[in-house]
Amino acid sequence: MLAALPGARAVGGCVRDALAGRDSADVDVGAPFPPEEIATRLRDAGLKVFETGLAHGTITAVKDHLPVEVTSLRRDVLTDGRHAVVEWTTDWREDAARRDFTINAMSLTAEGALFDYFTGRADLAAGKVRFVGDPDTRLAEDYLRALRFFRFQARYGAGKPDAAAVAAIARAVPGLALLSIERVWMELKRILAVPDPRAALDLMAQTGVLGAVLPEAGARDILMRLIESGAPADALLRLAALLAAGTDTAALARRLRFSAEERSWLDEIRGGQGPVAPGAADADLRRALAHADRTRLGAPARLVLLRTWLSQARQDGASAPWDKLRARIEAIVAAGIPTFPLLGRDLAGEGIAPGPAMGRWLAELRAWWLSGGCIATREDCLAELRRRLAQGGGGTALGG
């Protein structure tokens, strides 16, 4: 790919992570050509090219199923705190100067030559997250950089955060209102998913950023206990721990424009059916797993286990009983997620016609299956159906 783009370099996060000895999910390339020329050169080299962000100078090239974003070198012509108007340049330093942080402003040639115009390598080694140039200017160009600062501080920072950056972010809080809520939620998820976001969230609260973007946040003690317990770094689990008691989840989901799946996960983590406490019987745990399976979120065991972590943090209990509880849940899961064994065709085979009555029969039999701890087999359920049919009860009493 680089052979088709003379002078191209790897840029941004992949360079930072390579220097930090970390894996990088994405490879980004910068090239000193206009985007149309980049696309033509790559197509001529036999690569698939998708014009994913042509107006911003970015195309996606695919080789051997590996996507690589290639972006023209740019300079900002106009910024408004949310969007930028750019034009193309061949000046690498000028392109680096428009980036957010020094650790993200480095570039690397195919031969391994590092270009570091703003001491990014030294900052990375020192655990210092600093804006490129004047922090107020960088923030005024795009206020999302305030949130990005906390994510990078949580991942790469060490010691006290950069004082100039923190002061500028506090001054920039009113500008956060200009951002699209989708971008805010995307960045909040990334912050919550870092291995340990506690210090970053404390700093967000101190600067006023947390209150501006997540006023539903309550005291952070539950979240602190959740992280200390070793719970998975799940963004929605951590959000559930951070929310104040009584938060209207539906209103929050609308405000942050959650996907339907995100809202369902948050609802189920915060208040799914069935007890998930150390004293719960195995039958209770099977019922909780059966309910989680019925949500169709695709990971019932993970959902129930996440609920145990949140319950543990809320109750601030000793870890040993909760660890034993999770081991019991995993043992039940290993034997098979409890799933109600009857379908409509099973009832049709017993002479019950499709329609509302069949639905009522299925609901009644499922309630019977749940009450017995979700262990009745298909044959057991059919036997119960036949018994009720013979007695003229059940679905008949419900109008069947």
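Overview of results
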| read-out | value |
| --- | --- |
| Conditions (1) over 12 Å from L306 (Cα atoms); (2) in a helix (DSSP H, G or I); (3) free of Cβ contacts under 8 Å to residues at least 40 places away in the same chain; number of the one not met by W265 | (1) |
| Criterion: assigned by TED's automatic domain parsing to the domain that holds G230 and part of a loop (DSSP other than H, G, I, E, B) - qualifying residue of G317, G351 | G317 |
| Filter result for R378 (at pLDDT below 95 and of a type in the set (D, E, K, R)) | no |
| Qualifying residue in the stretch 68-88 (condition: in contact with an Asp or Glu (Cβ under 6 Å, 6 or more places away or on another chain), under 23 Å from A154 (Cβ atoms), in contact (Cβ under 8 Å) with a residue 40 or more places away in the chain and β-branched (V, I, T)) | no |
| Hits in the stretch 334-348 - residues which are touching a residue at least 24 places away in the same chain (Cβ under 8 Å) and in a loop (DSSP other than H, G, I, E, B) | I337, P338, T339, F340, P341, L342 |
| Top-ranked residue in the stretch 28-76 [being among the polar types (S, T, N, Q) and surrounded by 14 or more Cβ atoms within 10 Å (Cβ to Cβ); ranked as farthest from E94 (Cα to Cα)] | T40 |
| Residue, surrounded by the most Cβ atoms within 10 Å (Cβ to Cβ), within the stretch 316-374, restricted to residues that are farther than 27 Å from A299 by Cβ and in contact with a Pro (Cβ under 9 Å, 6 or more places away or on another chain) | L347 |
| Count of the stretch 188-210 residues which are buried (at least 19 other Cβ atoms within 10 Å of the Cβ) and assigned to a helix (DSSP H, G or I) | 10 |
| Among the candidates R270, R254, R238, residue that is free of Cβ contacts under 8 Å to residues at least 12 places away in the same chain, basic (K, R) and part of a helix (DSSP H, G or I) | R254 |
| Residue among A146, A165 that is small (G, A, S), within 13 Å of V213 (Cα to Cα), modelled with pLDDT of 95 or more and not assigned by TED's automatic domain parsing to the domain that holds R263 | A146 |
| Those residues of the stretch 354-384 which are free of Cβ contacts under 8 Å to residues at least 12 places away in the same chain and either in contact with a strand residue (DSSP E or B) (Cβ under 9 Å, 6 or more places away or on another chain) or not in a loop (DSSP other than H, G, I, E, B) (or both), in sequence order | G359, A363, A367, S371, E379, D380, A383 |
| Meets criteria (closer than 30 Å to A240 by Cβ, surrounded by 21 or more Cβ atoms within 10 Å (Cβ to Cβ), out of contact with any Asp or Glu (no Cβ under 6 Å at 6 or more places or on another chain) and touching a residue at least 40 places away in the same chain (Cβ under 8 Å)) for A146 | yes |
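The values are calculated or read from the model by the stated rules, or taken from the named source; none is laboratory data. Note that this is a predicted model, so its numbers are computed, not measured. Please note: Cβ atoms are built from the backbone with ideal geometry, for glycine as well, and neighbour counts cover all protein chains shown.
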